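Asks: Quick one: this structure, given as structure tokens, is what I'll be asking you about.
The values are calculated or read from the model by the stated rules, or taken from the named source; none is laboratory data. Everything numeric in this text was worked out from a predicted model, so none of it was measured. Glycine also receives a Cβ, built like all others from the backbone with ideal geometry; neighbour counts cover every protein chain displayed. Keep in mind that these areas ignore ligands, DNA and RNA; they rest on the heavy atoms of the full protein, side chains included. Shrake-Rupley method; radii C 1.70, N 1.55, O 1.52, S 1.80 Å.
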Amino acid sequence: MAIFRTQSRYIALVIAVAFVLGFVWQKNQRSLMDMLQYCNWQDGQVKEEIRSRSGLQMKIDEVFNKIQKLIPNVTFTFFNESTSGKNSNAFIVNPQEKHCVGEDLVVQLDMYDYLGKRKTYGGDFIRTRLFSPELGASVSGRIKDYNNGTYHIHFPLFWKGKVKVSAMLFHPSEGISALWRSRHSSLGVLGFKGKFVNYSQEVVTDCGFKVYTDQDVCEYLDPDDEEAFYCIKPPNLSCDLLNDMRAFELGVSYLTNEEKKLFQRSNIAVEIPQNFNIIDAADCERHNTTANPKCQTGMSSPFPSGYFYNNVWKPVYCNMTFYKTPENFTKCLQGKKLYLIGDSTLRQFIMHFTEGIKIVNYFGYHEKQWAKWAKTLLALNMEKDIYVSYKRHGFPLEHTLFYYFKEDRYTSRQIDQIAGGRDTIIVITMGQHFRQFPLHLYIRRAINIHRAIERIFLRSPETKVIIKTENTREMQAPVERIGDFHGYTQYLVLREVFQGTRVGFVDAWDMTVSSATANVHPPGYTFQSIMSMTFSFAC
């Protein structure tokens, strides 16, 4: 009996404990389910963010790999083993008694090294043009690399008359391989200083796409575009107090001494000897004379995209309106807002409108020419209702004096802040300030601009957006840091990223190669044609 009572009390205790545990379990089970659901949601968000980031990175890698396939992977020991422009030669393929307008003139280049030995691989950086100085005519050549030391240059014959050929070995393949390696050996060859300001207190620290320090670091992150740069955090100052920025050369090189010989001025842009005389192109009545439609956004731009004749650009795929007089531009811009976002090659536009043809006046800016060139500018014509603004494309910017940094926004963010509409024109360029950093950075920026353009087209499909490629610059520019080969790869990136997009594509690279302009700010008729092409798309 005693045993039974003890067992009964034990059973009752077990039942009671089970009841309590069951209640607790049921309650905790709900909490656990809620937590699991929350974790699953969070995990989904994280995975979605990772997918988004990896999607962007995958696109960057895809574009980068396309460009990298064009780059020779060459190693050499001695300078004399590199391609020599003077030892190479050019001749006409299938020469004829009469060359006709509408056909291609094909010139073959056979490349040799300094020892007179035939090159067995390609990858040389060659710049070519066909021109008639007395006609103000010129066109770029399309280069076919057979990767065995032989190249074919296809020159379209667009005009009749005597034509000359120029084929310059800009850099040998050995130099191109070295420049590509150098560009991607670090996060850039330009450094930055950031000035933090708190009332009368000013502290200057190092900034960049990466900073090497044991101190606290400020991260300036755009999570949507995955853009970031960093500054060393001053003690007792907030990261929000970053006020000014300036750039400086790091003075580093990733080239060997033998490679540096390739980039001495005498070895850059060497004319390749020709074994033919001036060619006379005849009008043989064979070419197509169908009129081109007016230039409009969304048109595909071939290469070469046009040619100069009478010092005026003639696109091969559309009919450009030539803008020259104040009345031409006023008629185009009346009642419109024009946003120029980029570098000083777009600042040229607002300078032309204010100091050149004087159709607008600066608001709050009393300098001239290139003074304070990094400053945001606004110009107005109240009578004609014209609004023109110029803003930088955002970090990085090569400017050796401190400039006000707080107003800096990436181009994509500036586009997002514009309402758009049928009376809105946005002109964008970038390139010269990116040549000093790995190409991945430039590709990321280009893709993010492309995405922002897609967004503005969704909310304001009548907005006109024009992309101006970068142009060639001075031949004496430091090759490893800002040379034209870096600009050419960025030009290829823009053609890749914006193909099929409903924008106007101003091929300033093709124009400046064709006109042999070697000026970061193209002068004269080249600049006039760049402007005319831009506003043919805009108006």
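Asks: Looking at the stretch 141-151, can you tell me whether even one residue there is farther than 24 Å from Lys69 by Cβ and open to solvent by less than 70 Å² (accessible area, probe 1.4 Å)? Lay out the reasoning, then the answer.
Replies: So in the stretch 141-151, the residues farther than 24 Å from Lys69 by Cβ come out as none.
The answer is no; no qualifying residue exists.
Asks: Of everything in the stretch 306-354, what is basic (Lys, Arg), within 30 Å of Arg409 (Cα to Cα) and surrounded by fewer than 20 Cβ atoms within 10 Å (Cβ to Cβ)? Give them in sequence order.
Replies: Just the residues of the stretch 306-354 that are basic (Lys, Arg), to begin with: 314, 324, 331, 336-337, 347.
Narrowing further to those that are within 30 Å of Arg409 (Cα to Cα): 336-337, 347.
Scanning the stretch 306-354 gives Lys336, Lys337.
Asks: Next question. Please go through the stretch 506-521 and pick out each residue that is free of Cβ contacts under 8 Å to residues at least 60 places away in the same chain, part of a loop (DSSP other than H, G, I, E, B) and open to solvent by less than 20 Å² (accessible area, probe 1.4 Å). So that I can check it myself, show each step before the final result.
Replies: If we filter the stretch 506-521 for residues that are free of Cβ contacts under 8 Å to residues at least 60 places away in the same chain, which is where we start, we get 506, 509, 512, 517-519.
From what's left, part of a loop (DSSP other than H, G, I, E, B): 517-519.
The one that is free of Cβ contacts under 8 Å to residues at least 60 places away in the same chain, part of a loop (DSSP other than H, G, I, E, B) and open to solvent by less than 20 Å² (accessible area, probe 1.4 Å): Thr517.
Asks: Here is a further query. Determine which member of the set Thr83, Thr77 is within 29 Å of the chain's Cα centre (by Cα) and either touching a residue at least 40 places away in the same chain (Cβ under 8 Å) or open to solvent by 10 Å² or more (accessible area, probe 1.4 Å) (or both).
Replies: On the way: Thr77 fails: within 29 Å of the chain's Cα centre (by Cα).
So the residue among Thr83, Thr77 that is within 29 Å of the chain's Cα centre (by Cα) and either touching a residue at least 40 places away in the same chain (Cβ under 8 Å) or open to solvent by 10 Å² or more (accessible area, probe 1.4 Å) (or both) is Thr83.
Asks: Would the stretch 386-397 turn up any residue that is over 30 Å from Leu492 (Cα atoms), open to solvent by less than 10 Å² (accessible area, probe 1.4 Å), part of a strand (DSSP E or B) and not charged (D, E, K, R)? Talk me through it step by step, then tell me what you get.
Replies: Going through the stretch 386-397, the residues over 30 Å from Leu492 (Cα atoms) turn out to be 386-387.
Of the ones still in play, those that are also open to solvent by less than 10 Å² (accessible area, probe 1.4 Å) are 386.
With part of a strand (DSSP E or B) added as a condition, the list becomes 386.
Filter once more, so that each one left must be not charged (D, E, K, R): 386.
Within the stretch 386-397, one or more residues are over 30 Å from Leu492 (Cα atoms), open to solvent by less than 10 Å² (accessible area, probe 1.4 Å), part of a strand (DSSP E or B) and not charged (D, E, K, R).
Asks: Hey, among the residues in the stretch 185-217 that are of a type in the set (Gly, Ala, Ser) and open to solvent by 40 Å² or more (accessible area, probe 1.4 Å), which one's nearest to the chain's Cα centre (by Cα)? Explain how you work it out, then say what you get.
Replies: First, pick out the residues of the stretch 185-217 that are of a type in the set (Gly, Ala, Ser): 185-186, 188, 191, 194, 200, 208.
Still in the running and open to solvent by 40 Å² or more (accessible area, probe 1.4 Å): 185, 200.
Details: Ser185: 20, Ser200: 39 Å.
Among them, the one singled out is Ser185.
Asks: Something else: What's the total number of residues in the stretch 218-231 that are open to solvent by less than 30 Å² (accessible area, probe 1.4 Å) and either touching a Gly at 6+ places or on another chain (Cβ under 8 Å) or in contact (Cβ under 8 Å) with a residue 60 or more places away in the chain (or both)? Steps first, please.
Replies: Filtering the stretch 218-231 down to residues open to solvent by less than 30 Å² (accessible area, probe 1.4 Å) leaves 218, 222, 225, 227-229, 231.
Retained after the next criterion (residues that are either touching a Gly at 6+ places or on another chain (Cβ under 8 Å) or in contact (Cβ under 8 Å) with a residue 60 or more places away in the chain (or both)): 222, 225, 227, 229, 231.
Number satisfying all stated conditions: 5.
Asks: So, Leu237, is that one in contact with a Pro (Cβ under 9 Å, 6 or more places away or on another chain) and open to solvent by less than 60 Å² (accessible area, probe 1.4 Å) or not?
Replies: Working: in contact with a Pro (Cβ under 9 Å, 6 or more places away or on another chain): no; open to solvent by less than 60 Å² (accessible area, probe 1.4 Å): yes.
Answer is no for this residue.
Asks: For the stretch 426-443, check the following and say yes or no: at least one residue is more than 21 Å from Leu190 (Cβ to Cβ), touching a helix residue (DSSP H, G or I) at 6+ places or on another chain (Cβ under 9 Å) and open to solvent by 20 Å² or more (accessible area, probe 1.4 Å). Even if it seems obvious, please write down each step before you answer.
Replies: Of all residues in the stretch 426-443, those more than 21 Å from Leu190 (Cβ to Cβ) come to 426-428.
Those left that are additionally touching a helix residue (DSSP H, G or I) at 6+ places or on another chain (Cβ under 9 Å): 426-428.
Those still in the list that are open to solvent by 20 Å² or more (accessible area, probe 1.4 Å) too: none.
Within the stretch 426-443 (the criterion being more than 21 Å from Leu190 (Cβ to Cβ), touching a helix residue (DSSP H, G or I) at 6+ places or on another chain (Cβ under 9 Å) and open to solvent by 20 Å² or more (accessible area, probe 1.4 Å)), the answer is no, since none of the residues qualifies.
Asks: Which members of the stretch 433-483 meet the condition of being assigned to a loop (DSSP other than H, G, I, E, B) and either of a type in the set (Phe, Trp, Tyr) or within 15 Å of the chain's Cα centre (by Cα) (or both)? First the steps, then the outcome.
Replies: Keep residues of the stretch 433-483 that are assigned to a loop (DSSP other than H, G, I, E, B), which gives 435-438, 460-463, 469-478, 483.
If the condition is that a residue be assigned to a loop (DSSP other than H, G, I, E, B) and either of a type in the set (Phe, Trp, Tyr) or within 15 Å of the chain's Cα centre (by Cα) (or both), then Arg435, Gln436, Phe437, Pro438, Thr469, Glu470, Asn471, Thr472, Arg473, Gly483 are the ones that fit.
Asks: Between a residue in the stretch 408-424 that is on the phi < 0 side of the Ramachandran plot and open to solvent by 20 Å² or more (accessible area, probe 1.4 Å) and any residue that is small (Gly, Ala, Ser) and at pLDDT 95 or above, which pairs come within a Cβ distance under 7 Å, given they are 6 or more apart or on different chains?
Replies: Asp416/Ala452; Ala419/Ser460; Asp423/Gly335
Asks: Anything in the stretch 103-124 that is open to solvent by 60 Å² or more (accessible area, probe 1.4 Å) and either assigned to a loop (DSSP other than H, G, I, E, B) or closer than 22 Å to Phe158 by Cα (or both)? List them, or say none.
Replies: Asp104, Tyr114, Leu115, Lys117, Thr120, Tyr121
Asks: Sticking with this structure for a sec: When you check Phe402 against the structure, is it under 20 Å from Ala247 (Cβ atoms) and more than 23 Å from the chain's Cα centre (by Cα), yes or no?
Replies: Working: under 20 Å from Ala247 (Cβ atoms): yes; more than 23 Å from the chain's Cα centre (by Cα): yes.
The answer is yes for Phe402.
Asks: Still on this structure, please answer the following. Could you count how many residues in the stretch 241-293 are open to solvent by less than 40 Å² (accessible area, probe 1.4 Å) and in contact with a strand residue (DSSP E or B) (Cβ under 9 Å, 6 or more places away or on another chain)? Write out each step before concluding.
Replies: Keep residues of the stretch 241-293 that are open to solvent by less than 40 Å² (accessible area, probe 1.4 Å), which gives 242-245, 247, 255, 259, 262-263, 267-270, 272, 276, 279, 281-282, 284.
Now drop any that are not in contact with a strand residue (DSSP E or B) (Cβ under 9 Å, 6 or more places away or on another chain), which leaves 242-245, 247, 262-263, 267-270, 272, 276, 279, 281-282, 284.
Qualifying residue count for the region: 17.
Asks: Across the stretch 149-184, which residue is nearest to Tyr254 (Cα to Cα) among those that are over 26 Å from the mean Cα position of the chain (by Cα) and not in a strand (DSSP E or B)?
Replies: Gly149
Asks: Looking at Gly356 and the list (1) in contact with a helix residue (DSSP H, G or I) (Cβ under 7 Å, 6 or more places away or on another chain); (2) closer than 28 Å to Glu474 by Cβ, which single condition is not satisfied?
Replies: Looking at each condition in turn, Gly356 falls short on (1).
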